[in-house]
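Peer 1: Supplied in structure tokens, the structure appears directly below.
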């Protein structure tokens, strides 16, 4: 029997079959990818095909002896359903498609996904990028979030999560005018988290213990921004 997460498979309630969810960066799919998933679901008798909250497409009811075959047919990487790592990067359509979009959430989301998906940490970490203040990618309830605020640029959030003890994120910094700045700001949050979090602590729990000011100062200093631009 496979351990949870081994070979990208998670044991299901029947204690016999598994769910697998290939990595779909920011939930963006192609007709070819969808055909592969549909073929695998049919060929290996998947009992359920479901779009997950992390923008993956999961196949449920896969037999253990078929797990390797499914991955071989799909030719895709694992979606890191479990484990202490960066689990997912969510983004909305941004100004590429949405009439309300103010920033290119897709480009920045894909860049963050390529840099961080699967990175091992002291606990799971989720990132969200929204292209307008409506925040469809739900950065306010993710470990790290970004959304723009009109012409003033990206706003950086940290410390949110859902679950049995939901927590809203805290605003760390605003006025990130360039995408490169926003990308670097996320990198600084991840660095701070790696260096300061205790084993098993999510970003929000770390901020409850330490307060937000050390993180605000770390990010502002790392970006060379004036201290006054961080929200007190």
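What follows draws every value from the coordinates through simple rules; no lab data is involved. Not measured: the values here are computed from a predicted model. Heads up, the Cβs are rebuilt from the backbone with ideal geometry, glycines too, and the neighbour counts pull from every protein chain shown.
Peer 1: First measure r as the distance between the Cβ atoms of residue 208 and residue 42, then evaluate 1/(1 + (r/R0)^6) with R0 = 45 Å and state the FRET efficiency to the nearest 0.05. If you can, show how the numbers build up before the last one.
Peer 2: Working: r = 47 Å, r/R0 = 1.06.
Efficiency, rounded to the nearest 0.05: 0.40.
Peer 1: At 25 °C and a viscosity of 0.890 mPa s, what translational diffusion coefficient does Stokes-Einstein give for segment 86-229, taking Rh as the Kirkwood radius over Cα pairs? Give it in µm²/s as a whole number. Please report the intermediate quantities before stating the final value.
Peer 2: Details: Rh = 14.8 Å.
Result for D is 166 µm²/s.
Peer 1: Could you sort the peptides 185-192, 105-112 by per-residue average Cβ neighbour count (10 Å cutoff), highest mean leading? Present the calculation step by step, with values, prior to reporting the outcome.
Peer 2: Values: 185-192: 20.8, 105-112: 22.5.
Descending packing order for the listed peptides: 105-112, 185-192.
Peer 1: For Cα pairs less than 8 Å apart in space and 6+ apart in sequence, what is the mean separation divided by the residue count of segment 6-74, i.e. the relative contact order in percent? Walk me through the numbers before you get to the answer.
Peer 2: On the way: 93 pairs, mean separation 25.5, N = 69.
Worked out over segment 6-74, it gives 37 percent.
Peer 1: Let me ask something additional. For segment 66-164, take every pair of Cα atoms, bin their distances at 5 Å starting from 0, and report each bin as a whole percent.
Peer 2: Whole-percent P(r) values from 0 Å outward: 3, 14, 20, 21, 16, 12, 8, 4, 2, 0, 0.
Peer 1: Nearest 5 is fine: what % of DSSP beta bridges in segment 86-229 come out antiparallel, could you say? Please report the intermediate quantities before stating the final value.
Peer 2: Values: 10 of 18 bridges.
That works out to approximately 55 percent antiparallel.
Peer 1: Let me ask another. Which of these, 154, 71, 97, has the largest mean-square fluctuation under a Gaussian network model of the chain (Cα springs below 10 Å)?
Peer 2: Maximum among the listed residues: 97.
Peer 1: Mind pulling the angle between the C-alpha long axis of helix 105-116 and the longest principal axis of the chain? Nearest 10 degrees, somewhere in 0 to 90.
Peer 2: The angle comes out near 70 degrees.
Peer 1: Report the full-extension gain for the segment residue 221 to residue 97: residue separation times 0.36 nm, less the Cα-Cα distance, to one decimal in nm.
Peer 2: Values: separation 124, 0.36 × 124 = 44.64 nm, distance 3.42 nm.
Result: 41.2 nm gained on full extension.
Peer 1: What is the fewest-to-most order of 127, 28 by other Cβ atoms lying within 10 Å of their Cβ? Spell out each step's value before the answer.
Peer 2: Working: 127 26, 28 14.
Final ranking by Cβ density, sparse to dense: 28, 127.
Peer 1: For segment 6-74, what value does the Rg/Rh ratio take when both radii are computed over Cα atoms and Rh is the Kirkwood radius, given to two decimals?
Peer 2: Numbers: Rg = 11.2 Å, Rh = 12.0 Å.
So for segment 6-74, dividing Rg by the Kirkwood Rh gives 0.93.
Peer 1: Shifting gears a bit: Just want the ordering: 60, 116, from fewest to most Cβ atoms lying within 10 Å of their own Cβ. Intermediate values should be presented prior to the final figure.
Peer 2: Numbers: 60 17, 116 20.
Fewest-to-most Cβ neighbours within 10 Å comes out as 60, 116.
Peer 1: Still on this structure, please answer the following. Please give the FRET efficiency for residue 165 paired with residue 64, using the beta carbon to beta carbon distance and R0 = 45 Å, rounded to the nearest 0.05. Write down the numbers at each step before the final one.
Peer 2: Numbers: r = 34 Å, r/R0 = 0.75.
Efficiency, rounded to the nearest 0.05: 0.85.
Peer 1: Now a separate question. With the cut-off at 1.5 for a/c, could you classify segment 1-155 from its C-alpha gyration tensor as rounded, prolate or oblate? If you can, show how the numbers build up before the last one.
Peer 2: Details: a/c = 2.71, a/b = 1.85, b/c = 1.47.
Prolate.
Peer 1: Could you tell me the calculated FRET efficiency between residue 184 and residue 14, based on Cβ-Cβ distance and R0 = 41 angstrom, to the nearest 0.05? Could the numbers behind the result be given before it?
Peer 2: Working: r = 46 Å, r/R0 = 1.12.
Efficiency at R0 = 41 Å is approximately 0.35.
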